[in-house]
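Trainee: Can you keep this structure in mind? I'll have questions shortly.
The values are calculated or read from the model by the stated rules, or taken from the named source; none is laboratory data. Computed from a prediction, not measured in an experiment: that's the story for all the values here. Positions of Cβ are backbone-derived with ideal geometry, glycine not excepted, and every protein chain shown enters the neighbour counts. The area values use the complete protein model at the heavy-atom level, side chains included, leaving out ligands, DNA and RNA. Shrake-Rupley method; radii C 1.70, N 1.55, O 1.52, S 1.80 Å.
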Amino acid sequence: MDMLTCNKERLEDKIKTFSKFGDTGKGGITRLSLSPAAIDARDEFCRRCRALGMDIKTDDMANIYATIPGEENLPGIMMGSHADSVKQGGNYDGILGVLTALEVAETIVTEKIPHKHPITVVIWTNEEGARFDPAMMSSGVITGKFDKDVMLASKDSEGVTFKEALEASGYMGEASNRMTAEKYMALVELHVEQGPVLEAEKKDIGIVEGVCGMVNYEFSFVGQADHAGTTPMKYRKDALYAAAKVIQYIHDELDKLDRKLVYTTGRMNVSPNIHTIIPDNVKFTLDARHQDPNVIKQVVEIIKKVPSEIEKCQVSYKELWSRKTVKFHPEFVDCVEKNANEYGYPAMRMYSGPGHDAQFITDIIKSTMIFVPSENGHSHCEKEFTSIDNCLKGTNVLLQTILDIDKN
């Protein structure tokens, strides 16, 4: 049978147009949540949706829902992602999920493709958490993961609260417009992989089975600050040396676990951080991620074996945060796989390491994700790139997946 396809030129125009909002001049964007650049992107999105005859609503967290009516009075099917970026981010993370969904909507409208359910393109507010902590803020509030009042008080680096930015944005709507299980039956979120696996494996489509569980710990080392030139080595209490030994231990032990485990020492603070003084206080973080809860449990067991004193320094650790592995709706996962195969696109099943709005939404309505490759694995940087051909392949799989779900 002839497979439906979206329009490559239209999709390319969308990607090029939206790359202007927050353009850094170096191939990427800085489009922090509810900043002027983000508002410009939202305005352009809404303009395009209205041109397609879509109905636009916003909720109290400024999430945007643009809907094509269905032929029957049924719960809606959602697709979309986020439009905000990190500082010096790329033109694909988040926004590609919005633009491919918009292209699917445009294809359905212009080709007059019949569908029973209303079909909604969504933009979630403040997914990155780059301006206001935490990440995935607005999908978190509407799914009951975060306390709204605490989120409204979150401040950016200039001291502006999320509440102030929300009220000034022009996109704050009614809480009654929020996504609920009564209004919607499904969400499909397309996203760039943000890693090198699909490209390395020569696959065009990632069939996302879920999002990896993770733990994030902070280790602290307390030693004694003394003069670097006069303190003999045997008398030293060097907190940085103690920390280095623990990092080495953690790497050696974690490498013995499953090869899919990824872990990172991402932040380190050394005090007093002066080249003539022995460090007396060191902290570092450990981020570990894996899809199997048992492997995460083994990680924690390895952490708990760290002794309380190393090289005459006091050692302690605490969990900063964690998340459980999230599994997407198996029927939708299978549907993505079926459609990739029917289009003849090489595909593979995989788990996401980074978090996404879909992992919160799936607690309320059945959800899944589609990944497209990131060239050289680059993401959260200005080199982030996915070829238009790969973007189109993802869009086609998204279109067919939405239409398959519509048959239910």
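Trainee: Rounded if a/c is under 1.5, else prolate if a/b beats b/c, else oblate: with a ≥ b ≥ c from the C-alpha gyration tensor eigenvalues square-rooted, which is the chain?
Mentor: prolate
Trainee: Would you please report the Å³ per residue occupied by the convex hull of the alpha carbon atoms in region 50-98? Walk me through the numbers before you get to the answer.
Mentor: Working: hull volume 5.2 nm³, N = 49.
Per residue, the Cα convex hull of region 50-98 comes to 106 Å³.
Trainee: Additional query: If each of GLU182 and THR17 carries a label point 7 Å out from its Cα toward its Cβ, how far apart are those two points in nm?
Mentor: A separation of 3.5 nm, rounded to one decimal place.
Trainee: OK, next. So, in Å, what gap is there between the alpha-carbon centers of region 282-296 and region 73-124?
Mentor: 33
Trainee: With a ≥ b ≥ c the root eigenvalues of the C-alpha gyration tensor of region 1-85, is it rounded (a/c under 1.5), prolate (a/b larger than b/c) or oblate?
Mentor: Numbers: a/c = 2.43, a/b = 1.33, b/c = 1.83.
Note, shape of region 1-85 comes out oblate.
Trainee: Which order do peptides 15-21, 271-277, 363-369 fall in by mean Cβ count within 10 Å, highest first? Kindly include the intermediate steps, with their values, before the conclusion.
Mentor: Values: 15-21: 17.1, 271-277: 10.9, 363-369: 21.3.
Ranking, from highest mean packing down: 363-369, 15-21, 271-277.
Trainee: Apply the a/c threshold of 1.5 to the C-alpha gyration tensor of region 205-306 and tell me whether it is rounded, prolate or oblate.
Mentor: Values: a/c = 3.54, a/b = 2.61, b/c = 1.36.
The shape class here is prolate.
Trainee: I would also like to ask the following. Could you do me a favour and compute the accessible area per residue for region 212-287, 1.4 Å probe, result in Å²?
Mentor: Values: 4280 Å² over 76 residues.
Ligands and nucleic acids excluded, the result is 56 Å² per residue.
Trainee: Say the dipole of region 321-365 comes from +1 at the beta carbon of Lys and Arg and -1 at that of Asp and Glu; which of ILE364, CYS335, TRP321 then lies farthest toward its positive end?
Mentor: TRP321
Trainee: Report, in deg cm²/dmol and to the nearest 500, the calculated mean residue ellipticity at 222 nm for the chain, where each DSSP H run with n ≥ 4 adds -39500 (n - 2.57) and the sum is divided by the residue count.
Mentor: Values: 12 runs with 132 residues, N = 408.
Result for the chain: -10000 deg cm²/dmol, rounded to the nearest 500.
Trainee: Something else: What residues have an amide H closer than 5 Å to that of SER81, excluding those fewer than 5 places away on the same chain, when H is modeled at 1.01 Å from N in the peptide plane?
Mentor: Here VAL98, VAL122, TRP124 satisfy the definition.
Trainee: Calculate, in whole percent, how much of the Cα-Cα pair population of region 129-270 lies beyond 28 Å. It would help to have the intermediate numbers written out before the result.
Mentor: Details: 5305 of 10011 pairs.
Distances greater than 28 Å cover 53 percent of the Cα pairs.
Trainee: In whole angstrom, how far apart do the alpha carbon centroids of region 323-356 and region 203-267 sit?
Mentor: Their Cα centres are 32 Å away from one another.
Trainee: Further question: Excluding same-chain residues fewer than 8 positions from LYS116, which lysines have a Cα within less than 30 Å of its Cα?
Mentor: The qualifying lysines are LYS8, LYS14, LYS57, LYS183, LYS327, LYS338, LYS366, LYS393, LYS407.
Trainee: Ordered by residue, what ³J(HN,Hα) values in Hz, to whole numbers, does region 54-65 give under the Karplus form 6.51 cos²θ - 1.76 cosθ + 1.60, where θ = phi - 60° and Gly and Pro are x?
Mentor: Calculated HN-Hα couplings, in order: 7, 8, 10, 10, 10, 9, 5, 9, 6, 5, 9, 10 Hz.
Trainee: Work out the length of the dipole vector of region 219-371 about its Cα centre, built from +1 on the beta-carbon of each Lys and Arg and -1 on the beta-carbon of each Asp and Glu, and round it to the nearest 20 debye.
Mentor: Values: 21 positive and 19 negative charges, 68 e Å.
For this selection, approximately 320 debye.
Trainee: Across region 259-269, in residue order, what do the Karplus-derived ³J(HN,Hα) couplings come to in whole Hz, using 6.51 cos²θ - 1.76 cosθ + 1.60 with θ = phi - 60° and x for Gly and Pro?
Mentor: 5, 7, 5, 10, 8, 9, 8, x, 10, 9, 10
Trainee: Ranking request for peptides 199-212, 241-254, 293-306: highest mean number of other beta-carbon atoms within 10 Å first, then the rest in descending order. Present the calculation step by step, with values, prior to reporting the outcome.
Mentor: Details: 199-212: 20.9, 241-254: 17.2, 293-306: 15.1.
Top to bottom by mean Cβ count within 10 Å: 199-212, 241-254, 293-306.
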